Amino acid sequence: MTKIAVLIFCAWALMPTANAGTESGKTHLITLKAGKLDSGQLAYQMVSHKIRDASGKLEDITNRYSTEPTIPGPAIVMTEGDQAEVTLEHGIKDSNEPVSIHVHGVHFKIDSDGTMKVFNHVADQAAFPGKPYTYKWTAAPGTAGTWPYHDHAFGNPMLGAEDKGLYGTLIVNPKGGKVMAMVDGQMKGVDIKDIKREFVLWMHETTFWGTEINHLANRQVPLWTNPTLGAREGELVRFHVIGIGTAFHTFHLHGHRWLQPGTTHLVDTVNIGPIVRESFVIKAGEGVGPGPWHYHCHVLQHMQSGMMGGFRVIE
């Protein structure tokens, strides 16, 4: 073997394998249920979420979630290196139609794609009444980010009912524990553990649908439509803005600007299309102080239809 070949072989041997990072990661054992709201809309509900660490110890975090189905569905938070086993139960009243979960961003095998055999030519990957279905995901290195999950089976044709409310958020935090942000006028890595609140805002047609992940109370709070958000001045806050449906939007937050992911550019407005997402960290009130700051879609017709809310920063 030549010296060059030896060097190449050694470099290859030191590279992480496809399973690297998962051996010491945690396993999320999750049960979700698809149900129907009184409004007729469909929604996912968290039934159980337990986390098993490398030693086999289980932590039950189910009480962090709402006990009811919500739009958007529960925000699932993982870290690079983690795995998830997500079991979906069918709880949609007066319906025998299949319902599923298709996730973006993370790794999974074809049997966890969340589609029907008519499309994937392998098998039906959905829950039926009395017959749950389990999906397996791997948050492999490189999958950090904010990702959507949604139904891909309900309805006719069997393409999914995300437009009826069956969608939610998967947040994969980087294994290093930091995300880049512009804070105090400097671009820096922010410790995720220092983020006090996270706001998940889905832009659907002419309405915002929201969830707060409150790390101070260790709870997720459903915010429903066009919500007023709140933070104390100086708190680090992370926004996750995602589009769904058929419309294209322009998200604008008054008085604040953020580091556009993957760049050194500061922005205060971003274009959001269907399943396009933007995640960013701000320091509440930085440079502008407390106040009832406005956020909205900057597409005029959407704004005129009420697609707006408030970001209240208090002292």
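The values are calculated or read from the model by the stated rules, or taken from the named source; none is laboratory data. All values reported here derive from a predicted model rather than from experimental measurement. Quick reminder, even Gly has a Cβ in these numbers, built from the backbone with ideal geometry, and neighbours come from all protein chains shown. Please note that ligands, DNA and RNA were not included when accessible areas were found on the heavy atoms of the full protein model with its side chains. Shrake-Rupley method; radii C 1.70, N 1.55, O 1.52, S 1.80 Å.
Once the Cα-Cα distance is subtracted from the 0.36 nm per residue extended length, the SER95 to ASP184 segment shows a gain of 26.7 nm. Can you list which of the chymotrypsin sites (Phe, Trp or Tyr not before Pro) found in region 125-215 are DSSP loop residues with at most 15 other C-beta atoms within 10 Å? Sites meeting the loop and neighbour criteria: none at all. With 20 Å as the limit on Cα-Cα distance, the pairs of LYS26/LYS117; LYS26/LYS136; LYS57/LYS193 that go past it are LYS26/LYS117; LYS57/LYS193. Relative contact order, whole percent, for the chain stands at 14, derived from Cα pairs under 8 Å and 6 or more residues apart. Using θ = phi - 60° in the Karplus curve 6.51 cos²θ - 1.76 cosθ + 1.60, the 3J(HN,Hα) couplings for region 158-163 round to 6, 10, x, 10, 4, 5 Hz; x is entered for Gly and Pro. Computed from the alpha carbon positions, the gyration tensor of region 224-273 leads to an equivalent ellipsoid with semi-axes of 20, 17, 9 Å, biggest first. Computed in the context of the full set of protein chains, the accessible area of the chain at 1.4 Å probe radius has 54% of its extent on carbon or sulfur.
Heavy-atom accessible area with a 1.4 Å probe sorts HIS252, HIS294, HIS121, largest first, into HIS121, HIS294, HIS252. Ranking SER48, MET158, GLY168 by Cα position along the charge dipole of region 27-173, where only Lys, Arg, Asp and Glu carry charges on their C-beta atoms, puts SER48 farthest toward the positive end.
Return, ordered by residue number, the residues of region 107-148 whose backbone nitrogen is under 11 Å from a label point located 7 Å along Cα→Cβ of ILE275. Label zone hits: 148.
Backbone geometry of region 223-239 corresponds, through the Karplus equation with coefficients 6.51, -1.76 and 1.60 at θ = phi - 60°, to 3J(HN,Hα) couplings of 10, 6, 9, 6, x, 8, 9, x, 7, 8, 4, x, 5, 7, 10, 10, 9 Hz, x marking Gly and Pro. Residues in the chain average 48 Å² of solvent-accessible surface per residue, probe 1.4 Å, ligands and nucleic acids excluded. The chymotrypsin sites (Phe, Trp or Tyr not before Pro) of region 220-315 that DSSP puts in a loop, and whose beta carbon has at most 15 other beta carbons within 10 Å, are PHE248.
In loop segments of region 48-155 as defined by DSSP, the trypsin sites (Lys or Arg not before Pro) with at most 12 further C-beta atoms inside 10 Å of their C-beta are LYS57, LYS93, LYS109.
Can you tell me, using C-alpha contacts under 8 Å and at least 6 residues apart, the relative contact order of region 33-113 as a whole percent?
Rounded, it is 30 percent for region 33-113.
When you work out D = kT/(6 pi eta Rh) for the chain at 20 °C and 1.002 mPa s, using the Kirkwood radius from C-alpha pairs as Rh and the Stokes-Einstein form, the result is 104 µm²/s. On the full set of protein chains, 1.4 Å probe, figure out the accessible area of LEU32 and give it in Å² to the nearest 10. Its accessible surface works out to 0 Å², give or take rounding.
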